[in-house]
Amino acid sequence: MGNKIFTLNEANELLPQLKEDLLQLQQLTAQFENQYLNYQKEKAVYEQAYVAGQGSRDPFFEQESQLEFLKIEADLLIENFSRKGVLLKMINPGLIDFPAVLDGEDILICWKEGEQHISHYHGWHDGFVGRKPFPEGGR
């Protein structure tokens, strides 16, 4: 679905599913960040207390495997946004753009987490700071 062009109505229809996907991704990234911090702390303590000759067993293999699995899950969730034709710009807070055309100009319809529906857009090079209200007749 690489070059999908959305209308404002299509973007708003897809928004509930995208909100669910975003929440799942946010929870997963929070879990990853917490586990990664714990892993770093435990590894630092272990390396400071390491005594040569303790054997070759890697005490962090399981944690590293869990982190890798969480990363793969997050990558798949992020790819799901692309497959739907939208651009995930930020995970926290959620920021999603929808390629669109308004008055013959390529634009991005944009949604920011916390907004009930999509009502703004900006140019491809304007970014979030260039947001403008979507014209009423432009649906």
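Averaging Cα coordinates gives a centre for the stretch 90-139 and one for the stretch 61-77; these two points are 32 Å apart.
If you place +1 on the Cβ of every Lys and Arg and -1 on the Cβ of every Asp and Glu, how big does the dipole about the Cα centre of the stretch 8-125 come out, in debye to the nearest 20?
Working: 9 positive and 20 negative charges, 69 e Å.
The dipole of the stretch 8-125 has a size of about 320 debye.
By how many degrees, 0 to 90 and rounded to 10, does the Cα axis of helix 61-83 deviate from the longest principal axis of the chain? Roughly 10 degrees, rounded to the nearest 10.
Could you grab the relative contact order for the chain? Cα pairs under 8 Å, six or more apart, rounded to a whole percent. Each step should come with its number before you reach the end.
Values: 150 pairs, mean separation 36.5, N = 139.
Computed value for the chain: 26 percent relative contact order.
On a per residue basis, the convex hull of the C-alpha atoms belonging to the chain measures out at 130 Å³. Secondary-structure-derived ellipticity at 222 nm for the chain, considering helices only, amounts to -17000 deg cm²/dmol, per-run term -39500 (n - 2.57) for DSSP H runs with n ≥ 4. Which links in 19/84; 19/89; 43/89 stretch past 21 Å when you go from one Cα to the other? Cα-Cα > 21 Å for 43/89; rest within.
We did not get these values from a lab; they are worked out from the coordinates using the rules stated. A quick note: this is a predicted structure, and the numbers were derived from the prediction, not measured. In this analysis, Cβ positions are derived from the backbone assuming ideal geometry, glycine residues included, and neighbour counts consider all displayed protein chains.
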